[in-house]
1. State yes or no: is residue 432 crowded, with 19+ Cβ neighbours inside 10 Å and of a type in the set (Lys, Arg)?
2. Scan segment 554-566 for residues that are surrounded by 22 or more Cβ atoms within 10 Å (Cβ to Cβ) and more than 13 Å from residue 237 (Cβ to Cβ) and jot them down.
3. Let me spell it out: the conditions are (1) within 27 Å of residue 393 (Cα to Cα); (2) touching a Lys or Arg at 6+ places or on another chain (Cβ under 9 Å); (3) at pLDDT below 90, and residue 294 meets all of them except one. Which number is the exception?
4. Would it be correct to say that residue 386 is open to solvent by 50 Å² or more (accessible area, probe 1.4 Å) and in contact with a Lys or Arg (Cβ under 7 Å, 6 or more places away or on another chain)?
5. Which count do you get for residues in segment 648-661 that are in contact (Cβ under 8 Å) with a residue 24 or more places away in the chain and surrounded by fewer than 16 Cβ atoms within 10 Å (Cβ to Cβ)?
6. Answer yes or no as to whether residue 146 is aromatic (Phe, Trp, Tyr), open to solvent by less than 40 Å² (accessible area, probe 1.4 Å), more than 19 Å from residue 424 (Cα to Cα) and part of a helix (DSSP H, G or I).
7. Answer yes if at least one residue in segment 726-733 is open to solvent by 10 Å² or more (accessible area, probe 1.4 Å), in contact with an Asp or Glu (Cβ under 8 Å, 6 or more places away or on another chain) and of a type in the set (Ser, Thr, Tyr), and no otherwise.
8. Hey, among 668, 717, 693, which residue is over 23 Å from residue 515 (Cα atoms), open to solvent by 40 Å² or more (accessible area, probe 1.4 Å), in contact with a helix residue (DSSP H, G or I) (Cβ under 8 Å, 6 or more places away or on another chain) and free of Cβ contacts under 8 Å to residues at least 60 places away in the same chain?
Amino acid sequence: QMSGKPHSSTNRILAVHVFQFCCGTAVGGGATLRPAMACVVDELLSSLQTYSAKHGGGASASTTPCPNGAGPAAAAGDDDWRFQLVRSVGEECQTEPELRSLLQRKAEFNLYDGFEPSGRMHIAQGLFKALNVNKCTKAGGIFIFWVADWFGLMNDKMGGDLDKIKAVGQYFVEVWKASGMDLSRVRFRWSSDDIINHAEAYWAQALDIARRSTLARVKKCCQIMGRQEDKLSAAQIMYPIMQSTDIFFLQADICQLGVDQRKVNMLARDYSDAAGIKNKPIILSHHMLLGLIEGQAKMSKSNPDSAIFMEDSPEDVERKIRKAYCPKVAAATKSSEADEMQLVKDDLMNPCLDYVQHILFSRPNYSFKVGSTLYATHEDVKAAFLGGEISEDALKDRLIEEINLLLDPVRKHFSEDATAKDLLAKITQWKKENLVAPTTLKRLQVKPPFSKDLFVVFASLPREAVQVEDVLGVLGRLKEAPKGSEKVLWLEDWTALALGCVGAQKPCIKGFYDLLLFGLRGLGPELMKDVRVCWQGEMILSGPSEYWISVINAGRIANLDDIRKALPPGESLEHASEVFATLMHIGDVLALTEATKLTLCCDAAHENVHKLALKQCEAYPEVTGLEVKLVESPKLRLLEPGDGVEADVNVMLTDKEIDVNKKVKKSFCMPENIEFNPPIAWVEVFLGFKGEFLVSRKPDNGGDKTYTDVASITADFKSGVLHPGDLKPALSRAMNAFLEPLREGLKGKDLAKAQKDLEAFTKAQSKKK
């Protein structure tokens, strides 16, 4: 009668359940009348919800929390059972329409969760996770566990011994195997292998996420850590970026983690919007099991009595549950952590009832038996407990029995299986040893090693074109190197990616540095013969694990205020990428510190970050002999600061003769004004290279004159003896003569492509404006 269609699927469902109920088959196993009726009513209500949703009687929002673990009703279809099963895993789904679409597109899909193998496994990681994984794999999922052993190494777990950390990870696998997890559709990916073997892909993704994420957005992910904003370490900005990277690196369709990781997972969705990724990762956030102690919104590994652990003995289980908080009335106040952890609000926060709902009733066809009474739903158990029908002791008696039954296969596995038994014995012994990681400095080991006396110049970051001023600045700093020292030029190509220089386009970044090197070798050939050029990316990939551990360690020491002070003058801290770039710089400098004498020669752009790096290096006794030397580039801008377009007021390495003539003609050069006179600044450069500067004039204007020092030409200009009309043409001739030997080389295939890439980027940027 509901639909008016006697053969509708809704009416068929009703007929089946009425028939089952009348025949006593609605609940198997000799169930009593009350739970049988409860199950039938639940099914009838589900059918009514389906009918209502299809016929306009109500709709659920795509992000509506799912208190029963069953998911909101969906339209009938071949994929509907898959949707309902996967959806039942999470308290929230971002978003349900996307989940439906995924299941329609793919018979097989990827889910991911990650864990750091650093300690004991509690029941939420073991039993609860196994139940959820089996639901997902039954619906066609491939569940990927990201075993974060590299992060355990980074965090000095198990004494900083990667083999021991891996053993703990394998122990986790054995626990899941014994817990009934269907491992046939589970994949374990070890981060130590993947991140090292695919370092370029992984960190390129991380740097792109950092570049597109504002600092304010990333800070939201850190709020759940309970830290005040000004107390955040720089490493705490890195962690959410890296976790988001895992999602894309593993090609996860669904992030199936706990509610406590929701903010980080949502960062990945925000990044997808910024990067134009159509199919965003779906976030399926599962419930966080309450701690057994009053007020605990989640279990705590640091307090053994707050959770049941997978290797707990029957006596441990009984002791913990007997002592467990088990209220009938909600507490007057609730912690802020509880609000963060609960998408489905639970004012009572009774951990015993929480175990009943999310561990026991997560299994199919489960009924909770107290005495001779069966309870078909967790709501029935809760109502009976609050109404006094089930006493606290009776509730706990049954819970102890059920939990021990679930843990018995795990205990048996670790007592009878040789591999599992050996793993547990080793881990138990290691815990007794109280392993402590060595405190030695972790840094990239450069091969071949640098000399003990090192003089290093960091090149400027890429922009649309290489200015001659850039080339001259680097040459000027390299000339400061003491005799006998090894000269190194460091090219920050990965930092440029992070900061979005020239649109974070790799061909443009490489093109800029190729042109810069060409200019340096063309204008300072003898000097550059003895310079070791280090591309940052190549250096990192020669030892990615050591390098990034040093970077993250630097982040643990530095706070955000340190990062802010390390930025170039006039810049503000707005993006997560600036945190990455600053910490990477510290990692770069640490890689140089095997030298007993290290000089970092720079201009103002690198001075602050060099000083932060040296401050951190001073904390290590084995690092000595560091200094920062400031050598500014010549100021060769042809107009006053703020005037003109940069491309028109700076002389570029790639400028043709006509470009040079046009720029010099328009340069600022007021008669007798020597306070700001770009042409005279350029004359000083040419005197340094050629030793003389010729001004050709008509006899009536004083005739030709050759200058050998800047003081003479400055005096003549100030007195009016030398006029701008004579100085500018002389400067154009000298500048073109200076650049002419380079112009033929710029026509080569690789450099021509570099210019083309940079010009295309510049053109695209101008169209956006």
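The values are calculated or read from the model by the stated rules, or taken from the named source; none is laboratory data. Everything numeric here is computed off the predicted structure, so don't read it as measured data. Note that we place each Cβ from the backbone using ideal geometry, even for glycine, and neighbour counts take in every protein chain shown. We work out accessible area using only protein heavy atoms, side chains counted, and drop any ligands, DNA or RNA first. Shrake-Rupley method; radii C 1.70, N 1.55, O 1.52, S 1.80 Å.
1. Details: crowded, with 19+ Cβ neighbours inside 10 Å: no; of a type in the set (Lys, Arg): yes.
No.
2. Matches in segment 554-566: 566 only.
3. Unmet for residue 294, out of (1) within 27 Å of residue 393 (Cα to Cα); (2) touching a Lys or Arg at 6+ places or on another chain (Cβ under 9 Å); (3) at pLDDT below 90: (2).
4. Numbers: open to solvent by 50 Å² or more (accessible area, probe 1.4 Å): yes; in contact with a Lys or Arg (Cβ under 7 Å, 6 or more places away or on another chain): yes.
It is true that residue 386 is open to solvent by 50 Å² or more (accessible area, probe 1.4 Å) and in contact with a Lys or Arg (Cβ under 7 Å, 6 or more places away or on another chain).
5. Kept after step one, since they are in contact (Cβ under 8 Å) with a residue 24 or more places away in the chain, are these residues of segment 648-661: 650-657, 660-661.
Among the residues that remain, those that are also surrounded by fewer than 16 Cβ atoms within 10 Å (Cβ to Cβ) are: 656-657.
Adding up the residues that qualify gives 2.
6. On the way: aromatic (Phe, Trp, Tyr): yes; open to solvent by less than 40 Å² (accessible area, probe 1.4 Å): yes; more than 19 Å from residue 424 (Cα to Cα): yes; part of a helix (DSSP H, G or I): no.
Considered against the rule, which asks whether it is aromatic (Phe, Trp, Tyr), open to solvent by less than 40 Å² (accessible area, probe 1.4 Å), more than 19 Å from residue 424 (Cα to Cα) and part of a helix (DSSP H, G or I), residue 146 comes out as no.
7. Filtering segment 726-733 for residues open to solvent by 10 Å² or more (accessible area, probe 1.4 Å) gives 726, 728-729, 732-733.
Still in the running and in contact with an Asp or Glu (Cβ under 8 Å, 6 or more places away or on another chain): none.
Checked against the condition, which is being open to solvent by 10 Å² or more (accessible area, probe 1.4 Å), in contact with an Asp or Glu (Cβ under 8 Å, 6 or more places away or on another chain) and of a type in the set (Ser, Thr, Tyr), segment 726-733 yields no hits at all.
8. On the way: 717 fails: open to solvent by 40 Å² or more (accessible area, probe 1.4 Å); 693 fails: open to solvent by 40 Å² or more (accessible area, probe 1.4 Å).
Selected residue: 668, the only one of 668, 717, 693 that is over 23 Å from residue 515 (Cα atoms), open to solvent by 40 Å² or more (accessible area, probe 1.4 Å), in contact with a helix residue (DSSP H, G or I) (Cβ under 8 Å, 6 or more places away or on another chain) and free of Cβ contacts under 8 Å to residues at least 60 places away in the same chain.
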